[in-house]
Amino acid sequence: MTRDGRLPVINVAPLLSRDADARVQTSREIERACRDLGFFYAIGHGVGADTLAALDAASRRFFALPEARKMEIAMARGGRAWRGYFPIGGELTSGAADLKQGLYFGEELDAADARVRAQWPLHGANLFPEAVPELKTAVLRFMDEATRAAHATMEGVALSLGLDAQYFRNAYTARPTLLFRVFEYPASSAEATSWGVGEHTDYGLLTLLAQDENGGLQVKTPGGWIEAPPIEGALVCNIGDMLDRLTGGFYRSTPHRVKNASGKSRLSFPFFFDPAFDAQISPLPKRAANARDDSAERWDKANVHDWSGSYGDYLMAKVAKVFPDLAETVRP
């Protein structure tokens with residue numbers, strides 16, 4: 001965190017280049033940000049302004065549709081792929097209904113993909129609205145550009161940990177779990193008691209978040225909650241539970257929440273770049289000894305360092321609490 005209490009701004013463009021010295025310098029900035037808070041703004045990330053503008057416009061058109069039209073792609077129709085639309089109150093955080101509506105997307109996979117043939121949850125085809133055909137183009141374009149940005153940023157994270165730049169790609173993200181959300185938070189006031197999203201940490205490795213100009217994101221720091229207002233052209237980056245586990249708590253996933261007090265509709269676009277669904281997540285050899293039970297300090301009282309299994313096991317246990325009814329449809 002900077003001296004004025006704001007999240008640091010890091011130019012990640014060198015991670016998309018071959019300038020070795022610049023890449024090392026950027027990795028040092030990432031290390032400071034991850035050690036200090038686990039959040040930073042990224043600029044120079046390669047996600048185009050025109051891509052973000054197209055996504056914003058198409059998303060607003062979708063959310064302006066009558067409820068019946070939006071429900072044509074309800075998540076219940078997405079099956080095991082767990083894709084589609086949910087209405088306000090349809091998603092839970094810590095057991096409480098969030099004040100938002102949204103769309104769930106993921107990597108676009110056809111029936112021939114081995115992961116789909118194996119009936120892995122959260123893998124398959126997306127649901128797109130016929131009434132807003134441009135949304136499909138905008139979503140897939142954003143996901144493609146965000147994936148490149150995430151791979152590059154994880155190279156910076158690897159370098160910051162003294163690892164080869166390709167460590168995470170080789171070990172965990174050759175076939176990453178890619179999840180993307182489009183959320184709309186209805187207009188509310190500062191006095192509203194409901195949270196758009198309650199306090200939580202993200203589950204995977206890295207989140208890249210685009211947000212509109214209305215703000216509302218808050219990050220928990222040792223000194224209390226701070227605002228993370230939008231910066232034009234920047235993405236908010238934060239690390240998730242799996243990077244916390246891999247580093248033995250050297251980098252910690254940070255709680256955050258959202259309250260839209262702008263009086264206007266707010267859009268946000270979180271992109272989750274996570275390990276392969278079948279990846280076994282064990283602490284890095286040089287970090288395992290540092291892991292400790294920090295459950296008393298965590299928002300959910302869970303010990304991320306005390307479980308075994310694949311990332312898919314961890315993810316499904318978490319998302320089953322977000323959509324408990326849907327979870328029943330994807331159990332083995």
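Values computed for the structure shown
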| read-out | value |
| --- | --- |
| Listing of helices (runs of 4 or more DSSP H) fully contained in the range 43-162 that carry 2 or more residues being closer than 23 Å to residue 210 by Cβ | 49-63, 134-160 |
| Residue tally, condition under 23 Å from the mean Cα position of the chain (by Cα) and under 17 Å from residue 102 (Cβ atoms), over the range 126-141 | 8 |
| Test set (1) under 17 Å from the mean Cα position of the chain (by Cα); (2) buried (at least 23 other Cβ atoms within 10 Å of the Cβ); (3) closer than 29 Å to residue 138 by Cα - residue 260 fails condition number | (1) |
| Selected residue (criterion: farthest from residue 103 (Cα to Cα)) from residues of the range 62-73 that are of a type in the set (A, V, I, L, M) and surrounded by 15 or more Cβ atoms within 10 Å (Cβ to Cβ) | 65 |
| Residue match in the range 16-30 (condition: touching a residue at least 24 places away in the same chain (Cβ under 8 Å), part of a strand (DSSP E or B), over 25 Å from residue 107 (Cβ atoms) and of a type in the set (A, V, I, L, M)) | no |
| So residue 210, is it surrounded by fewer than 21 Cβ atoms within 10 Å (Cβ to Cβ) and at pLDDT 95 or above | no |
| Residue among 52, 37, 65 that is in contact (Cβ under 8 Å) with a residue 24 or more places away in the chain and more than 30 Å from residue 165 (Cβ to Cβ) | 65 |
| Qualifying position, being of a type outside the set (Asp, Glu) and over 30 Å from residue 251 (Cβ atoms), among 61, 23, 6 | 61 |
| Enumeration of residues in the range 61-82 that are at pLDDT below 95, of a type outside the set (Gly, Ala, Ser) and within 24 Å of residue 198 (Cβ to Cβ) | 75, 82 |
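Okay, residues lined up against (1) modelled with pLDDT under 80; (2) outside any loop (DSSP other than H, G, I, E, B); (3) among the hydrophobic types (A, V, I, L, M, F, W, C); (4) buried (at least 17 other Cβ atoms within 10 Å of the Cβ):
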{"site": "283", "(1), (2), (3), (4)": "no, no, no, yes"}
{"site": "286", "(1), (2), (3), (4)": "yes, no, no, no"}
{"site": "300", "(1), (2), (3), (4)": "yes, no, no, no"}
{"site": "316", "(1), (2), (3), (4)": "no, yes, yes, yes"}
{"site": "331", "(1), (2), (3), (4)": "yes, no, no, no"}
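For every residue, the table says whether it meets (1) surrounded by 18 or more Cβ atoms within 10 Å (Cβ to Cβ); (2) in contact with a Phe, Trp or Tyr (Cβ under 9 Å, 6 or more places away or on another chain); (3) under 16 Å from residue 149 (Cβ atoms); (4) of a type in the set (A, V, I, L, M).
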site	(1), (2), (3), (4)
7	yes, yes, no, yes
20	no, no, no, yes
25	no, no, no, no
37	yes, no, no, yes
47	yes, yes, yes, yes
50	no, no, yes, no
54	yes, yes, no, yes
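The values are calculated or read from the model by the stated rules, or taken from the named source; none is laboratory data. This structure is a prediction, so every number in the text was calculated from the model and none was measured. All Cβ positions, even for glycine, are placed from backbone atoms using ideal geometry, and neighbour counts span all protein chains on display.
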